[in-house]
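The values are calculated or read from the model by the stated rules, or taken from the named source; none is laboratory data. What you see is a predicted model, and the numbers here were worked out from it, not measured in a lab. Cβ sites come from the backbone with ideal geometry, for glycine too, and all protein chains shown count toward neighbours.
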Amino acid sequence: MDNYKSREKILSRIRASQGHSSGSRQREVGAAQAYLAYHPVGPQPVVDGDLAARFESQSRRLSASVARLDSITSVPTEVARYLRSEGLASRAICWDEFQGLDWKSQGLDVEARPPVRDEPEPDLVGITGCFAAIAETGTLAMVSGASTPASMTLLPETHIALVPASRIVPYMETVFGMLRKELDRLPRALNFISGPSRTADIEQTLVLGAHGPYRVHIIILESD
């Protein structure tokens, strides 16, 4: 029995112990869905025009680097260029969906698997997509899953994110609506990533890479 069925069984027992009828679940779900559908959104800044341009500008403010490509087939060339510019090794891991790109033609050794941090060869570069990107704040929205492990964005020192322009939305609230519309179930984890990991806890000195990647390189794909 999977986790979903186990949860439903437990909740059914709780409802029965409280004297609720068998139809109470549907009424509860219906009420929750109605609240989500009609609950007003709070004040939002105006975010219109070129969402990709706004997302790029905000991402750069957060110390991420950004490149734009016309096609996903150009991604290996851009990744190789970026790694050389940062003096990084040409070895990386990626999400399953990017395994078929022509990495070898650019001298890259890219494997589709979750990251490891074990010596002597920890995974230092992770290449992912994203669920959505938020123009208002320059933030990546990442959902966890079997083929999209959250560790890919947290363990490697360098995170390269491929962002289809069509998945750039104005607000965080837009992302929540997309989750309800596009996914059958909520993911185990939803992470919002705004640039490289950072902290200024010690003497108010900003340090990058404190709790995650030192570098975030975003590749906006104009056509996807």
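Can you pull out the residues in segment 142-171 that are among the hydrophobic types (A, V, I, L, M, F, W, C) and modelled with pLDDT of 95 or more? Answer for segment 142-171, where residues must be among the hydrophobic types (A, V, I, L, M, F, W, C) and modelled with pLDDT of 95 or more: MET142, VAL143, ILE160, ALA161, LEU162, VAL163, ALA165, ILE168, VAL169.
Here SER57 clears all of (1) of a type outside the set (Phe, Trp, Tyr); (2) part of a helix (DSSP H, G or I); (3) not assigned by TED's automatic domain parsing to the domain that holds LEU155 except the condition numbered (3).
Of the residues that make up segment 2-10, is at least one of a type in the set (Lys, Arg) and surrounded by 13 or more Cβ atoms within 10 Å (Cβ to Cβ)? No, segment 2-10 contains no residue that is of a type in the set (Lys, Arg) and surrounded by 13 or more Cβ atoms within 10 Å (Cβ to Cβ). Among the residues making up segment 91-105, a single one is surrounded by 15 or more Cβ atoms within 10 Å (Cβ to Cβ) and touching a Ser or Thr at 6+ places or on another chain (Cβ under 6 Å): TRP95. Within the set GLU136, GLU121, the sole residue that is assigned to a loop (DSSP other than H, G, I, E, B), closer than 30 Å to ARG180 by Cα and of a type in the set (Asp, Glu) turns out to be GLU136. Per the conditions (1) assigned to a loop (DSSP other than H, G, I, E, B); (2) within 23 Å of LEU62 (Cβ to Cβ); (3) more than 12 Å from the chain's Cα centre (by Cα), the sole criterion not satisfied by ALA92 is (1). Taking the listed residues ALA80, ALA37, ALA31, the one that is closer than 22 Å to LEU179 by Cβ, in a helix (DSSP H, G or I) and modelled with pLDDT of 80 or more is ALA31, with no other qualifying. Candidates GLU111, GLU182: the one that is over 14 Å from the mean Cα position of the chain (by Cα), surrounded by fewer than 18 Cβ atoms within 10 Å (Cβ to Cβ) and farther than 21 Å from VAL216 by Cβ is GLU182. Cβ-Cβ contacts under 9 Å between residues 6 or more apart (or on different chains), taken from a first residue in segment 145-162 that is in the same structural domain as GLY126 (by TED's automatic domain parsing) and among the aliphatic types (A, V, I, L, M) to a second residue that is crowded, with 22+ Cβ neighbours inside 10 Å and at pLDDT below 90, are listed as LEU154/PRO213; LEU155/PRO213. Do we find that SER63 is outside any loop (DSSP other than H, G, I, E, B) and within 19 Å of THR153 (Cα to Cα) in this structure? So SER63 fails the test.
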